[in-house]
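The values are calculated or read from the model by the stated rules, or taken from the named source; none is laboratory data. Please read all numbers here as calculations on a predicted model, not as lab measurements. Every residue, glycine as well, gets a Cβ built from its backbone with ideal geometry; the counts of neighbours run over all protein chains shown. Accessible surface areas use protein heavy atoms only, side chains included; no ligands, DNA or RNA. Shrake-Rupley method; radii C 1.70, N 1.55, O 1.52, S 1.80 Å.
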Amino acid sequence: MKLATQRNNAFITALVLSFLGIVFPAHLQSQAAKPAQPPTAPALQRNYLDGEKLAYKMTGVNQGHQRTIRYEARAEGLVKKAASGAFFEEFAWPELRLNGQPFALSPASLEFREPLSLASGYTLTVPDLSKVQPILIGPITDLLAFYADTQLAMGQKSLVRAGDHVYVKNGVPSSWADGTYVIFGQDSIDFDVTLQSIDQKAGIATVIVRHVPPAQSQIKFPAAWMQNPVNDTANNWVEVEKRQDGKLAAQVGKETFEANIKIALATGRIISATMDNPVEVMERDCSDAALSDCGAPARFSIRRQITLDAQP
């Protein structure tokens, strides 16, 4: 279980890293239809109040090839103001249930604090996870992922009316190879962002952020056979990991990711969110580093489904 958890956490962390830098970098291109008339409403934004308290319940299902992990976690946050004047939310993780059972968190895990922010110009980063228990890494990085997608949407100032849409080109591969278990691991994604609805009566806006394969993957695949599409697009996900028997498990496929996020219009707080992250995989067991001496292909799916709900 420990090895599987380490691999899963490495993948989740890299997934977050693949889009943490997409909010403000100059090399990305946003493509959106220009409005026919001036906007009638301000773009989404977070309005912070120093000392504001937040709490979320997160549930997750990580369905792997051979096993499924289910968790429930509570995150409690407090809005603070940095010396620079920037507001941020500092989260603690006081409760965790694993596969329906209470999970005892260590003192170091209970003392861990996760800084997040939806403020314009705030740079999100993966925090130091070296001291928290491995099972808590998933919830921590999943919350970071929701904030990164929300920050991306808030950074698109053309999203002002229901139906407004922006396509953000990225495609630059991100890596989660650790050199020990995973010797090659990369994905390549673009971002498709839609302001799906604005409910003025309820005071809620709904944003959909899709992570999609780019028209042309920028991954340099370690073997030529990995370029053959596994699904209906160019492959945008690849992983090569060492097996205990000395062979290599070479996997390639299509990864997508969709976040459905509800945001309070008055404050910009995340009210609730869901995440669906499937990967369609083809795997071959290989005996050589060049991945040329390989067995017959096997197909399977990996899927992560996360929900987030604001709590009293």
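The set of residues from the range 197-222 being buried (at least 18 other Cβ atoms within 10 Å of the Cβ) and either part of a helix (DSSP H, G or I) or of a type in the set (D, E, K, R) (or both) comprises just one member, R210. Is there a residue being open to solvent by 70 Å² or more (accessible area, probe 1.4 Å) and assigned to a strand (DSSP E or B) anywhere in the range 223-233? No, the range 223-233 contains no residue that is open to solvent by 70 Å² or more (accessible area, probe 1.4 Å) and assigned to a strand (DSSP E or B). Across the range 64-77, the number of residues qualifying as crowded, with 16+ Cβ neighbours inside 10 Å, in a strand (DSSP E or B) and not acidic (D, E) comes to 6. If the condition is being over 22 Å from A148 (Cβ atoms) and either part of a loop (DSSP other than H, G, I, E, B) or open to solvent by less than 70 Å² (accessible area, probe 1.4 Å) (or both), then the range 110-131 contributes only K131.
The residues in the range 78-109 that are open to solvent by less than 40 Å² (accessible area, probe 1.4 Å), at pLDDT 95 or above and in a loop (DSSP other than H, G, I, E, B) can be counted, and the count is 2. Just one of the listed residues (T194, T150) is touching a residue at least 40 places away in the same chain (Cβ under 8 Å), buried (at least 17 other Cβ atoms within 10 Å of the Cβ) and of a type outside the set (F, W, Y), namely T150. Where strands (runs of 3 or more DSSP E) fall entirely within the range 236-312, those with at least 1 residues that are within 30 Å of N47 (Cα to Cα) and in contact with an Asp or Glu (Cβ under 8 Å, 6 or more places away or on another chain) are at 257-264, 270-286, 298-310. Against the numbered list (1) open to solvent by less than 10 Å² (accessible area, probe 1.4 Å); (2) assigned to a loop (DSSP other than H, G, I, E, B); (3) under 30 Å from I271 (Cβ atoms), G171 comes up short only at (3).
Just to verify a result, which residue in the range 270-312, among those that are open to solvent by 30 Å² or more (accessible area, probe 1.4 Å) and of a type in the set (D, E), is nearest to I208 (Cα to Cα)? Here the residue is D276.
Reported count of residues in the range 132-147, each being open to solvent by 30 Å² or more (accessible area, probe 1.4 Å) and in a helix (DSSP H, G or I), is 1. Of the residues I208, I189, the single one that is touching a His at 6+ places or on another chain (Cβ under 8 Å) and among the hydrophobic types (A, V, I, L, M, F, W, C) is I189.
Quick grid of which residues meet (1) farther than 21 Å from T267 by Cβ; (2) not aliphatic (A, V, I, L, M):
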residue	(1), (2)
K57	no, yes
Y71	yes, yes
E76	no, yes
V79	no, no
A86	no, no
E95	yes, yes
G100	yes, yes
